[in-house]
Amino acid sequence: MSAVMATIMVLAELGGALIFLKTKDTFRRIFLSCLGLGFAYAIVFSDIIPDATEHYSEISPVFWVCILSGMFCAYGIEKYGKYAGKYTAFLGFSFHNFCEGVVLTTATLLSPILMLGLILHKLPEGMVSVSFLEGMKDKTKVLAVFLSALLIPIGALLPIPENVAQPITAFAAGVILSIVSISMKIIISESVEFSRIKISTAMVIGAIIGGASCLIV
């Protein structure tokens, strides 16, 4: 059952990346980027952070150290290179894929609602992941997203101890939060000619879809 779910998630994430790359219209790309960034925020707070704190009765100081380290690390890397920070965020999403694979080993039932949730969950992730890969050729971007998505079935086959995965997941959450915030600021500042209302709406819709898909999954 976990193999079927992992396959659906891989294809959905790859599909999201292809949809983004096939969209040539500037405003539509900005809209999809904002949709994905809003989704990323929701994923961090409703999926990644809960994964990092699961089985703990209270959030330990280690969690805060890891997430703040991730945020400051991503911010520092973004300052040093034009694309380095975004590549770091991409790696954060990749590790999240691996952790999702680990979680899939506990799955027992694949319902139509769960299938819909998996697709809604991974389509925007593919969009936002590929948007972080600026400076690469489209074929290279697709290959990178595909390899990242393959970490889902790999995680299902090679689970790592939770006491190791959870601090790294918290660090990844901090990286993603920092880069998403920086990306949103850049998009808003560079999109003066487009409606700020439409851009903000895209982010809100993305956040709602992200939160809803996490509740379903």
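The values are calculated or read from the model by the stated rules, or taken from the named source; none is laboratory data. Everything numeric here is computed off the predicted structure, so don't read it as measured data. For neighbour counting, all protein chains shown are included, and Cβ atoms are generated from backbone atoms with ideal geometry for every residue, glycine included.
Taking LEU37 and the conditions (1) closer than 17 Å to PHE132 by Cβ; (2) touching a Gly at 6+ places or on another chain (Cβ under 6 Å), which numbered condition does it fall short on, given that it satisfies the others?
LEU37 satisfies all of (1) closer than 17 Å to PHE132 by Cβ; (2) touching a Gly at 6+ places or on another chain (Cβ under 6 Å) except (2).
Would you check if SER178 is part of a helix (DSSP H, G or I), within 16 Å of TYR87 (Cα to Cα), at pLDDT 75 or above and polar (S, T, N, Q)?
Numbers: part of a helix (DSSP H, G or I): yes; within 16 Å of TYR87 (Cα to Cα): yes; at pLDDT 75 or above: yes; polar (S, T, N, Q): yes.
Yes: the conditions hold for SER178.
Does ALA172 satisfy the criteria of being of a type in the set (Gly, Ala, Ser), over 21 Å from GLY76 (Cα atoms), buried (at least 19 other Cβ atoms within 10 Å of the Cβ) and modelled with pLDDT of 80 or more? Explain how you work it out, then say what you get.
On the way: of a type in the set (Gly, Ala, Ser): yes; over 21 Å from GLY76 (Cα atoms): no; buried (at least 19 other Cβ atoms within 10 Å of the Cβ): yes; modelled with pLDDT of 80 or more: yes.
So ALA172 does not fit the description; no.
Name every residue in the stretch 72-114 that is at pLDDT below 75 and of a type in the set (A, V, I, L, M), in order of residue number.
Answer for the stretch 72-114, where residues must be at pLDDT below 75 and of a type in the set (A, V, I, L, M): ILE77, ALA84, VAL102, VAL103, LEU104, ALA107, LEU109, LEU110, ILE113, LEU114.
Is it fair to say PHE27 is part of a helix (DSSP H, G or I), closer than 23 Å to LYS122 by Cα and of a type in the set (Phe, Trp, Tyr)?
Working: part of a helix (DSSP H, G or I): yes; closer than 23 Å to LYS122 by Cα: yes; of a type in the set (Phe, Trp, Tyr): yes.
Here the answer is yes, as PHE27 does meet what is asked.
Sort through MET5, MET1, MET9 and tell me the only one that's modelled with pLDDT under 75 and within 19 Å of ALA149 (Cβ to Cβ).
On inspection, the qualifying residue turns out to be MET1.
Every residue in the stretch 131-148 that is farther than 13 Å from ALA12 by Cα and part of a helix (DSSP H, G or I), please.
Narrowing the stretch 131-148 to residues farther than 13 Å from ALA12 by Cα: 131-141, 143-144, 147.
The answer is SER131, ASP138, LYS139, THR140, LYS141, LEU143, ALA144, LEU147.
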